[in-house]
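Enquirer: What follows is a single structure, and I will ask about it in a moment.
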Amino acid sequence: MAPKHQAPRGTRDLLPGEIERWQWAEDRARGVLERYGYREIRTPLFEDYELFARTSGESSDVVQKEMYRFKDLGGRDLALRPEGTASVCRAYLEHGLGGRGRIHRLWYLGPMFRYGRPQKGRFRQFWQIGAEILGTGAPGADVEMIALFVDLFAAWGFGELAVLVNSVGTPDSRRAYGDALREWFGPVRPWLSPDSQRRLETNPLRVLDSKDARDMLIWSVGPGAWLADEEEDAFKLAVTRTYSKPKPHLLDFLDSNSSAHWDAVLAGLSALGIATEIDHGLVRGLDYYTRTAFEVHDRSLGAQSALGGGGRYDGLVETLGGPPTPGVGFSIGLDRVLLALEQRGTPLPAGPAAVFVAAMEGTRAEAAALVRRLRRVLAADWDMEERGFGAQMKAAGKSGARLLLIVGEEEWERGDVVLKDVGDGSQRPVPVATLEDVLLEALGTRPTETRAR
Ligand code: AMP
């Protein structure tokens, strides 16, 4: 019989067995972020609806179709956060961080919420890890951001990943580019999806990240490769007319400052040996981006291939009523990272206890106290049910512990316990007084490394 309650559609439970991989990925990320000098920030899971509507753009998919918007009992208009950057900038302003140092490097990790159609790699509650640099418009900040982005993937064991890059310029250059797109798509307009037809009027750049199959084909593939015999003649004619003109590229519409910025970013990345590919269709889904935009994809994931992306957002803090404050950042979808790692079969050690403590009839209390003492420095397990010795040995086997401690009555009297190495079967008495040192040496680890992974 199906249980009465199930996790809401598009959400899931992360159970022991799976969670270890997440913890490992989070630990690795934390290490990289700390070495880069970023500091963690935690913001609420919900904010005023207006914060997201204003920053992401009214015409973005996130705001129009995917927002978990609700009124609380006090009638406030709130939304579960669909992304992290707007909240970080809101907090930056609210707490006057700008007055406490010119440049802030921040990172966050937590669930985000978008009401999309659930599918592989797409959830309604998903996790993002992200980083932001607020307070400098220097190209070096974009370069550091992309280097950090790539180094996180490297820490998770991804090989060489090509980073897709583009520049989305300034609102002015985007307006001019929008006009060019409108003209280019003009002949095929009636064949675009209804959403894209609408977007062509309101926000033409959004047509480029349409997920509609035909929209995508028109933009990214070209007529020769896909015009089948059964396509209508009128459509064929329209496509031919569209393709008679070269596809407009945003990079050709940049003002001179954005252009110099773009060149400096590319030069900086090249100096670091970071492989990039220019993707003229990369415009990012939210309106707040300016200049540099970047993404990483893993094509083995199918349709939901984007692992992460980011860019510069120089106008965002001002949009929220703050002083001009340039910023650049990214976010990475952890669900997809974990999916990709799993598909690659990245092996991870399970999380066995390091030591199992077995008691005799007369040493139960002593053994329990000993487990508690050992747990201050290493992972120790015991039999909570106080069963016989045979059952304890079975439990020890299941626990995966590398070492077994047998608290025998006579040995305990002498101040010893018996230490058995499960691997080679050898055993010897060791003094209780210095047990931790002996165990750590036998395990060949320092205390912090014995944490279950
Ligand atoms: P975005 O800000 O939309 O580019 O999202 C950044 C990253 O978050 C994406 O590259 C994905 O890896 C991840 N992501 C976005 N939406 C979802 C979703 N609905 N489910 C799972 N991951 C997502």
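The values are calculated or read from the model by the stated rules, or taken from the named source; none is laboratory data. Just so you know, these numbers come straight off a predicted model, no measurement behind them. Positions of Cβ are backbone-derived with ideal geometry, glycine not excepted, and every protein chain shown enters the neighbour counts. With ligands, DNA and RNA removed, areas are computed over all heavy atoms of the protein, side chains included. Shrake-Rupley method; radii C 1.70, N 1.55, O 1.52, S 1.80 Å.
Enquirer: For the condition within 16 Å of the ligand (Cβ to nearest atom), out of contact with any helix residue (DSSP H, G or I) (no Cβ under 7 Å at 6 or more places or on another chain) and hydrophobic (A, V, I, L, M, F, W, C), what is the one hit in A367, A306?
Expert: Checking each option against the conditions leaves just A306.
Enquirer: While we're looking at this one, here's another question. Please list, ordered by first then second residue, the pairs with beta carbon atoms under 6 Å, 6 or more apart or interchain, first in segment 413-437 and assigned to a loop (DSSP other than H, G, I, E, B), second open to solvent by 30 Å² or more (accessible area, probe 1.4 Å).
Expert: G415/P431; V422/R402
Enquirer: Do we have any residue at all in segment 35-44 that's part of a strand (DSSP E or B) and not β-branched (V, I, T)?
Expert: Among the residues of segment 35-44, at least one is part of a strand (DSSP E or B) and not β-branched (V, I, T), which makes the answer yes.
Enquirer: For segment 331-354, state whether one or more residues are in contact with a helix residue (DSSP H, G or I) (Cβ under 9 Å, 6 or more places away or on another chain) and on the phi > 0 side of the Ramachandran plot.
Expert: no
Enquirer: Further, regarding this structure: Condition first: over 30 Å from S300 (Cβ atoms), under 30 Å from the mean Cα position of the chain (by Cα) and open to solvent by 10 Å² or more (accessible area, probe 1.4 Å). Can you find one or more residues in segment 227-236 that meet it?
Expert: Looking through segment 227-236, none of the residues is over 30 Å from S300 (Cβ atoms), under 30 Å from the mean Cα position of the chain (by Cα) and open to solvent by 10 Å² or more (accessible area, probe 1.4 Å).
Enquirer: Within segment 279-311, how many residues turn out to be assigned to a strand (DSSP E or B) and either of a type in the set (D, E) or within 18 Å of the chain's Cα centre (by Cα) (or both)?
Expert: 11
Enquirer: Among the residues of segment 325-344, are any more than 28 Å from M216 (Cβ to Cβ), more than 11 Å from the ligand (Cβ to nearest atom) and open to solvent by 20 Å² or more (accessible area, probe 1.4 Å)?
Expert: yes
Enquirer: Every residue in segment 259-298 that is touching a helix residue (DSSP H, G or I) at 6+ places or on another chain (Cβ under 9 Å), among the acidic types (D, E) and over 17 Å from Y177 (Cα atoms), please.
Expert: Within segment 259-298, D263, D298 meet the criteria.
Enquirer: Confirm whether R100 is surrounded by fewer than 20 Cβ atoms within 10 Å (Cβ to Cβ), more than 30 Å from G302 (Cβ to Cβ) and in the same structural domain as G321 (by TED's automatic domain parsing).
Expert: Yes.
Enquirer: I'm trying to understand the selection: among the residues of segment 108-136, which are of a type in the set (A, V, I, L, M, F, W, C) and open to solvent by 10 Å² or more (accessible area, probe 1.4 Å)?
Expert: Listed by number, the residues that qualify are L109, F113, F123, F126, W127.
Enquirer: Now, a different point. Scan segment 370-427 for residues that are β-branched (V, I, T) and either over 15 Å from A354 (Cα atoms) or open to solvent by 80 Å² or more (accessible area, probe 1.4 Å) (or both) and report the count.
Expert: 4
Enquirer: Let me ask another. How many residues does segment 45-59 hold that are in a loop (DSSP other than H, G, I, E, B) and crowded, with 17+ Cβ neighbours inside 10 Å?
Expert: 1
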